[in-house]
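The values are calculated or read from the model by the stated rules, or taken from the named source; none is laboratory data. Here the structure is a predicted model, which is why all the values come from computation and not from measurement. Cβ sites come from the backbone with ideal geometry, for glycine too, and all protein chains shown count toward neighbours. Protein only, heavy atoms only, side chains kept; ligands, DNA and RNA dropped before computing areas. Shrake-Rupley method; radii C 1.70, N 1.55, O 1.52, S 1.80 Å.
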Amino acid sequence: MNNYIYYILAILAGLAIATQTGVNAQLRTVVGNPVVAALVSFLVGSFALLLYILFFQRESLGGLSNLSGISWHKWTGGLIGALYVSGVIIIAPRIGAANTTGLIVAGQILFALFLDHFGYLGFIQHSFNMMRLAGAFLLIAGVFLILKN
């Protein structure tokens with residue numbers, strides 16, 4: 001199977017996150033509070049997802065009956081998302097979009113290597129090797145260069 005479409009979608013997700021950073025920071029300016037801005041952002045996103053499910057995937061609502069049997073850590077995704085969005089809303093106006101995103105990417109790369117190496121959270125196991133470590137080093141070196149204004 002060709003993975004190029006997933007690579008393109010990942011790049012588009014990165015574009016969306018960079019855009020979201022600026023939009024949510026502007027929202028914070030309007031409402032005057034980063035947590036309220038994050039709440040508004042999540043409410044709009046939740047409403048959009050609800051509409052999508054109602055119009056295009058109504059049959060998937062049956063899966064909600066499985067929620068009572070899931071382990072506690074599977075509930076933390078929304079909490080982590082709320083902390084991420086609130087944090088970005090606070091950080092980005094102070095250090096800029098590129099610095100914020102660069103540091104986030106550095107943290108993501110380091111922890112993603114850890115998760116992949118051990119196959120945690122259901123990821124396919126990809127052991128540490130010199131190529132992966134070199135790639136991470138180059139990405140983090142790029143972040144360092146971006147931070148050097």
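Which members of region 121-147 meet the condition of being open to solvent by 100 Å² or more (accessible area, probe 1.4 Å) and out of contact with any His (no Cβ under 8 Å at 6 or more places or on another chain)?
Kept after step one, since they are open to solvent by 100 Å² or more (accessible area, probe 1.4 Å), are these residues of region 121-147: 121, 123-125, 130-131, 137-138, 144-145.
Selection gives LEU121, PHE123, ILE124, MET130, MET131, PHE137, LEU138, PHE144, LEU145.
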### Query
In region 58-76, is there at least one residue being open to solvent by 60 Å² or more (accessible area, probe 1.4 Å) and at pLDDT 90 or above?
no
#### Entry: THR21 vs. criteria polar (S, T, N, Q), closer than 21 Å to ALA98 by Cα and more than 19 Å from the chain's Cα centre (by Cα)
no
#### Entry: region 121-149 residues that are more than 30 Å from ILE95 (Cα to Cα), paired with ones that are among the acidic types (Asp, Glu) (beta carbon under 9 Å, 6 or more apart)
PHE123/ASP116; ILE124/ASP116; GLN125/ASP116; HIS126/ASP116; SER127/ASP116; PHE128/ASP116
#### Entry: Candidates LEU113, LEU83 - the one that is part of a helix (DSSP H, G or I), more than 30 Å from VAL31 (Cα to Cα) and either open to solvent by 100 Å² or more (accessible area, probe 1.4 Å) or not polar (S, T, N, Q) (or both)
LEU113
